[in-house]
Amino acid sequence: MSERFRERMSDPAVVKDTRLLGDFCAIYCRGMHADAVRTPLASEGAELGVYGRKLPVVCEECAALLRYAEQRRALCPKDPKPFCSHCDTHCYRPDMREYMRQVMRYAGPRSMVHGHAIDGIRHLIDGRKHHKEMRRTEGA
Ligand code: SF4
Ligand SMILES: [Zn+2]
């Protein structure tokens, strides 16, 4: 584990975002990969305790996404950080970006019943606003 990763994971904002990613991936995996073998996440973030005692339970495919997303979030060069979907840097690999997009689309609305009312709602509202702006720009 790099010192930089360890240091960035001590920032409460990074921890909060990483936990949210963990919850979103767990919701997605439970719904979409119900037949897969799912286990508590083993990752550098989990090693540092960023998820608390309740580790996200995911399949190996979703675990790979989460390990990747942990690194991206911790090493994100943007400050303030926008939603990744609105970022002009797009540091995600195209396949991981598409995977995360599916996770967000599935888990965003469902996260409201999992104790993420505000984050879930903000995610939706912000996403809609963004799409409206995109349409306006494209139409201009
Ligand atoms: S996509 Fe943009 S906002 Fe998201 S982690 Fe990468 S650089 Fe940061
Ligand atoms: Zn999965």
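The values are calculated or read from the model by the stated rules, or taken from the named source; none is laboratory data. Quick caveat: nothing in here was measured; it's all calculated off a predicted structure. Please note: Cβ atoms are built from the backbone with ideal geometry, for glycine as well, and neighbour counts cover all protein chains shown.
See the values below:
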read-out: Where a residue in segment 99-113 is in contact (Cβ under 8 Å) with a residue 24 or more places away in the chain and its partner, wherever it lies, is outside any helix (DSSP H, G or I) and surrounded by fewer than 22 Cβ atoms within 10 Å (Cβ to Cβ), with Cβ under 8 Å and at least six apart; value: M100/Y92
read-out: Helices (runs of 4 or more DSSP H) (entirely within segment 1-94) containing at least 3 residues that are out of contact with any helix residue (DSSP H, G or I) (no Cβ under 9 Å at 6 or more places or on another chain), within 11 Å of ligand 2 (Cβ to nearest atom) and closer than 26 Å to M112 by Cα; value: none
read-out: Filter result for the condition that a residue is within 11 Å of ligand 1 (Cβ to nearest atom), free of Cβ contacts under 8 Å to residues at least 60 places away in the same chain and either small (G, A, S) or out of contact with any Lys or Arg (no Cβ under 7 Å at 6 or more places or on another chain) (or both), over D88, D35; value: D88
read-out: Test: residue in segment 15-27 that is in contact with a strand residue (DSSP E or B) (Cβ under 9 Å, 6 or more places away or on another chain), touching a residue at least 12 places away in the same chain (Cβ under 8 Å) and of a type in the set (K, R); value: no
read-out: Checklist (1) in contact (Cβ under 8 Å) with a residue 12 or more places away in the chain; (2) closer than 18 Å to P12 by Cα; (3) surrounded by 13 or more Cβ atoms within 10 Å (Cβ to Cβ) applied to G52, failing item; value: (3)
read-out: Failed condition for P12, given (1) away from ligand 1 (no atom under 15 Å from the Cβ); (2) modelled with pLDDT under 95; (3) buried (at least 17 other Cβ atoms within 10 Å of the Cβ); value: (3)
